[in-house]
1. Looking only at region 54-75, count every residue that is closer than 22 Å to residue 185 by Cβ and free of Cβ contacts under 8 Å to residues at least 60 places away in the same chain and tell me the total.
2. Pairs, please: C-beta under 8 Å, at least 6 apart or cross-chain, first residue more than 15 Å from residue 78 (Cβ to Cβ) and in region 26-53, second loosely packed, with under 10 Cβ neighbours inside 10 Å?
3. Taking region 58-73 as the search range and keeping residues that are touching a helix residue (DSSP H, G or I) at 6+ places or on another chain (Cβ under 9 Å) and surrounded by fewer than 19 Cβ atoms within 10 Å (Cβ to Cβ), which one is nearest to residue 139 (Cα to Cα)?
4. Which ones in region 73-119 are on the phi > 0 side of the Ramachandran plot and under 16 Å from the mean Cα position of the chain (by Cα)?
5. Name the residue that is farthest from residue 16 (Cα to Cα), counting only residues in region 169-206 that are more than 12 Å from the chain's Cα centre (by Cα) and not in a helix (DSSP H, G or I).
6. Restricting the search to region 91-132, which residues are touching a residue at least 12 places away in the same chain (Cβ under 8 Å), surrounded by fewer than 11 Cβ atoms within 10 Å (Cβ to Cβ) and either out of contact with any helix residue (DSSP H, G or I) (no Cβ under 8 Å at 6 or more places or on another chain) or under 12 Å from residue 146 (Cα atoms) (or both)?
7. Given (1) modelled with pLDDT of 95 or more; (2) within 30 Å of residue 36 (Cβ to Cβ), where does residue 116 come up short, assuming only one miss?
8. For region 133-168, which residues satisfy the criterion of being surrounded by fewer than 20 Cβ atoms within 10 Å (Cβ to Cβ), assigned to a loop (DSSP other than H, G, I, E, B) and on the phi < 0 side of the Ramachandran plot?
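The values are calculated or read from the model by the stated rules, or taken from the named source; none is laboratory data. These numbers come from a predicted model, not from an experiment. Quick reminder, even Gly has a Cβ in these numbers, built from the backbone with ideal geometry, and neighbours come from all protein chains shown.
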């Protein structure tokens, strides 16, 4: 995967920036390149969409930006708190929908009462109000992905990485969700990277498209 985009405009600070970022793996003694000298920046209030086939390094790019994986060369800089919406929802099966959403707040010893109120409002907006006491195994895959999204939004992070977050949702609903994500990022002045297989989804969500 090779990606180039415009440099940071003068007098503006990028919220997410990579410089000559590369990643390779060793397989049977051979070097297998995954990312090749990637440089881009994303400012607050903007979304960069990354489109590519499976195995092209999209998730690897997000893992490096989030610090879950090390780059082979190059640099990454982020300015602010970071949240990650993964491909899999990663909901804990022994916790209810609401309890899963509140987990990050519990870990941070945050205000559970205020967060629960915000969570219930978002659950209602996404058509999940009646499922707050349900367990992950009792709801559909699309519902689980919406819960995962709500759990991320409730954290109010400065930077948000989306790794194909709506793959289990039908096409029409998926486009509506990506438009809502775009509105959230612009209104709240977040910076985001959105990985997807879908050109339509990428166009709906992004300011800039790379593949």
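1. Residues in region 54-75 being closer than 22 Å to residue 185 by Cβ and free of Cβ contacts under 8 Å to residues at least 60 places away in the same chain: 4 in total.
2. Listed by first residue and then by second, the contacts come to 32/26.
3. My answer is 68.
4. Within region 73-119, 80, 90 qualify.
5. 170
6. Hit for region 91-132 is 94, nothing else.
7. If we test residue 116 against (1) modelled with pLDDT of 95 or more; (2) within 30 Å of residue 36 (Cβ to Cβ), just (2) comes out false.
8. 133, 134, 135, 139, 140, 155, 157, 158, 167, 168 - these are the residues of region 133-168 that are surrounded by fewer than 20 Cβ atoms within 10 Å (Cβ to Cβ), assigned to a loop (DSSP other than H, G, I, E, B) and on the phi < 0 side of the Ramachandran plot.
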